[in-house]
Amino acid sequence: MDVFMLDTGVDGSHPEFAGRVTSSEDCYSANVLPWTPNVDVEGHGTHTAGTVGSTSYGATPNVNIHAVKVLSDEGSGTDSTVICGFEKVKTWLNANSTRKAIVSMSLGYSGISKTVNTYVTSMVNTYGSRLVIVVAAGNDNVKACSATFACIDGVVAVGSTGATKTESSWSNYGSCVDVMAPGENILSTYLSNQTAYMSGTSMATPLVSGVLAQYWLQNPTLTGNAIRTSVSSASSALFTGGVSLKRVSRKPSGSPNKFIQYKCPFGGAC
């Protein structure tokens, strides 16, 4: 199984990845500086990749991680860098016609990008049988339907909860959120072979990406569309092997009462 991390890059030399960062692509733009090609300077991408597939902190440490740098050293990007990232995924899918992939995107917009929405929709329509796109709902405490990427049909949008399984106060919410996952004070890999705690729907998203990757590995005959639907249908088969579905204490927000928890990210009893 292959997971593409569209982010600030990934420090593939971190021992927690054990050589599983199999490729590194770059979407440099002179309009977004500073930018160090193929290097994660900010740390965000290394942290999210660790939640997907590191040995100690990953939901599924038996995947190939593809680092695609679409954000600058300070974590900013443009429509062109994001679309470039999807172009890298498209090229890989075309060259590997029998393989499947998950795109994990811990980034978003404060509003709507019609250009990006149109492009991502075309990716879902063209490659939906072999591709699942998991996105962060966002951290602005607004309706997720008001921002790219959660507003796009055919993606899995992830909101955040805290240790008490309560919806995070800053998590975007509403009907465009598909599932909740832990996103507060999450420990994962960081730069210089270190670890760090970080919070955000950015941290919840890769956990869902990793769980879905593992589920797909266990059910290889399913299509990407079926994998995505399994989140909304809450099939019991999805929540086995250390994964559980819990009820969420929510804001009166319309977010789903569906929570994917892998192991016990906050420590103690879950």
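The values are calculated or read from the model by the stated rules, or taken from the named source; none is laboratory data. Since the structure is predicted, the reported quantities are computational estimates derived from the model, not experimental observations. Reconstructed Cβ throughout: ideal geometry from the backbone, glycine too, with neighbour counts over all protein chains shown. Heavy atoms of the whole protein, side chains included, go into the accessibility calculation; ligands, DNA and RNA do not. Shrake-Rupley method; radii C 1.70, N 1.55, O 1.52, S 1.80 Å.
Calculated on the alpha-carbon coordinates, the convex hull of region 1-94 measures out at 77 cubic angstrom per residue. All alpha carbon pair distances within region 30-138 were sorted into 10 Å bins beginning at 0; the resulting P(r) in whole percents reads 13, 43, 37, 7.
Whole-Hz Karplus values for region 72-85 come out as 6, 5, 10, x, 10, x, 9, 3, 5, 6, 5, 5, 4, x Hz, taken residue by residue from phi with 6.51 cos²θ - 1.76 cosθ + 1.60 and θ = phi - 60°; glycine and proline positions read x. For the chain, the convex hull drawn through the C-alpha positions has a volume of 108 cubic angstrom per residue. Pairs of Cα atoms nearer than 8 Å and 6+ residues apart set the relative contact order; for the chain it is 20 percent.
Each residue of region 57-63 was assigned a 3J(HN,Hα) from its phi angle through the Karplus curve 6.51 cos²θ - 1.76 cosθ + 1.60 (θ = phi - 60°); the sequence is 10, x, 6, 8, x, 10, 10 Hz, with glycine and proline shown as x.
Rg over Rh for region 158-207 works out to 1.03, both radii taken from alpha-carbon positions and Rh defined as the Kirkwood radius. Amide H contacts for Glu25 (H built 1.01 Å from N in the peptide plane; partners 5 or more residues away or on another chain; cut-off under 5 Å): Ala67, Val68, Lys69. Projecting the Cα atoms of Gly9, Tyr119, Leu212 onto the charge dipole of the chain (Cβ charges, centred on the Cα centre) puts Leu212 farthest toward the positive pole. To put it simply, the accessible area of the chain at a 1.4 Å probe is 49 percent carbon and sulfur. Taking every protein chain into account, the accessible area of the chain amounts to 38 square angstrom per residue (probe 1.4 Å).
Between Asn193, Asn96, Asn139, the Gaussian network model of the chain with springs among Cα atoms under 10 angstrom shows the greatest mean-square fluctuation at Asn96. Across region 108-155, counting alpha-carbon atoms alone, Rg and Dmax equal 10.8, 32 Å.
Given their separation in residues at 0.36 nm each and the Cα-Cα distance between them, Asp140 and Leu222 gain 26.1 nm when the chain is fully extended. Working note: Karplus 6.51/-1.76/1.60 with θ = phi - 60° gives region 43-55 the couplings x, 4, x, 5, 5, 5, 4, x, 6, 6, x, 6, 4 Hz, where Gly and Pro are set to x. A P(r) calculated from all alpha carbon pairs of region 87-206, with 5 Å bins opening at zero, reads 2, 12, 21, 20, 16, 14, 11, 4, 0 percent. Protection proxy ranking for 19-28, 113-122, using the average of other Cβ atoms within 10 Å per residue and placing the highest first: 19-28, 113-122.
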